[in-house]
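For reference, the structure discussed in these notes is given below.
The values are calculated or read from the model by the stated rules, or taken from the named source; none is laboratory data. Bear in mind the structure is a predicted one, so any value in this text is a computation, not a measurement. Note that we place each Cβ from the backbone using ideal geometry, even for glycine, and neighbour counts take in every protein chain shown.
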Amino acid sequence: MDVWWESGTGEAVVCDAGMRGCPICSGTPPERRRFDLVVSYKYWQLFSLFGFVRNRQYSRVCSNCHNALNELIPKAELDSMLQGKKDPIPLLLRKGWMAWVALCVVGIGVAFYLSDQKSKDVAKHLASPRVGQIYLADLSKISNGYPSQPAYGPMKLVRIGNDGYHFVTARFSYDKKRGVDHDLSKMKSDSYYDTEDEDVVTREELTRLGNSGVIYDFVE
């Protein structure tokens, strides 16, 4: 069993199921025994919090010998016995999956909010770019020097001319964004960039690259 994931079985008494003879322990002549309505179930649980119950089965169990009667309780009778009774299965096992769903929804909402906020921050920086500013982008969409797609890496604004914004791009690129994060401390060095080859981007192109997510972040 994994520490974070657990599956198992359980049982719990639901209510009194009345008096009757027990085929196991009633003896001769038979004595009436009190029976409990017992629910048996299987469950999954994540991190001991988020649970899900499946395969509920109900049976009459003798309170004396604890053996269950080998009979199927009719649905109408079972519904009548369960009416108004509290579910004895622990809440986290029964409803924990709902907390997991809620947590996922909140997580997705937070992720969308942070992504939207980041897009707004990038757009703000692109609206007034300054020399020396470093942006993170898919360089394969900007420069011809990256045959593999995607090619994530930094691009640095080195000058602003009448023809547009002049950028130099990194000598290296990554196929995943997290690879770029490992080089953040190196990006301010000119040796990190191919300074002999500049890419010129117009005002309109710069805005489009930001809106489309090609330029997805910036370095302070």
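Which members of the stretch 189-205 meet the condition of being closer than 23 Å to Arg178 by Cα and either hydroxyl-bearing (Ser, Thr, Tyr) or crowded, with 19+ Cβ neighbours inside 10 Å (or both)? If the condition is that a residue be closer than 23 Å to Arg178 by Cα and either hydroxyl-bearing (Ser, Thr, Tyr) or crowded, with 19+ Cβ neighbours inside 10 Å (or both), then Ser189, Ser191, Tyr192, Tyr193 are the ones that fit. Scanning the stretch 89-121 for residues that are surrounded by 11 or more Cβ atoms within 10 Å (Cβ to Cβ) and of a type in the set (Phe, Trp, Tyr) turns up Trp97, Trp100.
Of all residues in the stretch 59-89, those being over 12 Å from Val39 (Cβ atoms) and touching a residue at least 24 places away in the same chain (Cβ under 8 Å) number 6. Scanning the stretch 30-62 for residues that are surrounded by fewer than 14 Cβ atoms within 10 Å (Cβ to Cβ) and not basic (Lys, Arg) yields Pro30, Glu31, Phe47, Ser48, Leu49, Asn55, Gln57.
Within the stretch 208-220, residues that are closer than 23 Å to Lys186 by Cβ have Cβ atoms under 6 Å from residues that are among the small types (Gly, Ala, Ser) and in a helix (DSSP H, G or I) in no pair, counting only partners at least 6 apart in sequence or on another chain. All of (1) modelled with pLDDT of 90 or more; (2) touching a Ser or Thr at 6+ places or on another chain (Cβ under 9 Å); (3) over 21 Å from Ser212 (Cα atoms); (4) not polar (S, T, N, Q) hold for Val131 with one exception: (2).
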